[in-house]
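Take a look at the structure set out below.
The values are calculated or read from the model by the stated rules, or taken from the named source; none is laboratory data. Not measured: the values here are computed from a predicted model. Backbone-built Cβ (ideal geometry, glycine too); neighbour counts: all protein chains shown. Each accessible area value is taken on the protein alone, full model and side chains, heavy atoms only, with ligands, DNA and RNA left out. Shrake-Rupley method; radii C 1.70, N 1.55, O 1.52, S 1.80 Å.
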Amino acid sequence: MTERTFSIIKPDATEKNLTGAVNAVIEAAGLRIVAQKRIKLSQAQAEKFYEIHKERPFFGELVEFMTRAPVVVQVLEGDNAVARYREVMGATNPAQAAEGTIRKLYADSVGENSVHGSDSLDNAKIEIAQFFTDDEIVG
Ligand code: ADP
Ligand code: MG
């Protein structure tokens, strides 16, 4: 089934000029980038986006990381896009990520792991709506 998922190219990747390299992996995997913009997350935006992790010990560090440099927020479209992009990203900890995945190729650590991807279709809809209006998504 054709789905849309939400992606973020995180600060570690934009700082290293890897936006195009990450997008090349996404596109080679058959996912279409149907919306994309480079923004600087505010503290409030980052805290809201990662609200589910607010009790975790790494929450403060995560918000600081996500706001230290620009990110690229994206909507990806394709067959089973939510699960497909999670595969393409690789495991949260790059040391455990499979060969050829974005995190294996480019990520430095479990915190600074280059990309975010929605973990369910429901969350994809919620996350897309936090950053894009319908008319900004051109499928
Ligand atoms: P994923 O991004 O793979 O869905 P999680 O939802 O578990 O992973 O965590 C959200 C984000 O929080 C991770 O992508 C990573 O940036 C950060 N994070 C997760 N676990 C840790 C950790 N143990 N230490 C520091 N940062 C972490
Ligand atoms: Mg997650």
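Structural remarks
- With contacts taken as Cα pairs under 8 Å and at least 6 residues apart, the range 8-96 reaches a relative contact order of 45 percent.
- Where the chain is the region considered: accessible area per residue in Å², 1.4 Å probe: 52 Å²
- Shown here is the pair-distance distribution of the chain: with all Cα-Cα distances grouped in 5 Å bins from zero up to the longest one, the shares run 2, 11, 21, 25, 24, 13, 4, 0 percent.
- Beyond 18 Å in Cα-Cα separation lie the following of the pairs 16/104; 16/40; 16/125: 16/125.
- Here the chain is assigned +1 on the Cβ of each Lys and Arg and -1 on the Cβ of each Asp and Glu. Its dipole about the Cα centre then comes out at about 220 debye.
- Since only 139, 73, 19 are under comparison, the one whose Cα sits farthest along the positive direction of the charge dipole of the chain, derived from C-beta charges on Lys, Arg, Asp and Glu, is 19.
- By the combined test of axial Cα extent (at least 30 Å) and Kyte-Doolittle hydropathy (mean at least 0.5), none of the DSSP H helices of the chain qualifies.
- Residues 37, 54, 10, sorted by accessible area with the largest first, give 54, 37, 10 [1.4 Å probe; ligands and nucleic acids excluded].
- Qualifying GluC sites (Glu not before Pro) in the range 1-94, DSSP loop, other Cβ atoms within 10 Å at most 10: 55
- Distance between the range 110-139 and the range 19-73 - C-alpha centres, whole angstrom: 9 Å
- Cleavage-rule hits (chymotrypsin sites (Phe, Trp or Tyr not before Pro)) in the range 14-110: DSSP loop, at most 15 neighbouring Cβ within 10 angstrom: 58
- Carbon + sulfur, % of accessible area of the chain - ligands and nucleic acids excluded, 1.4 Å: 49 percent
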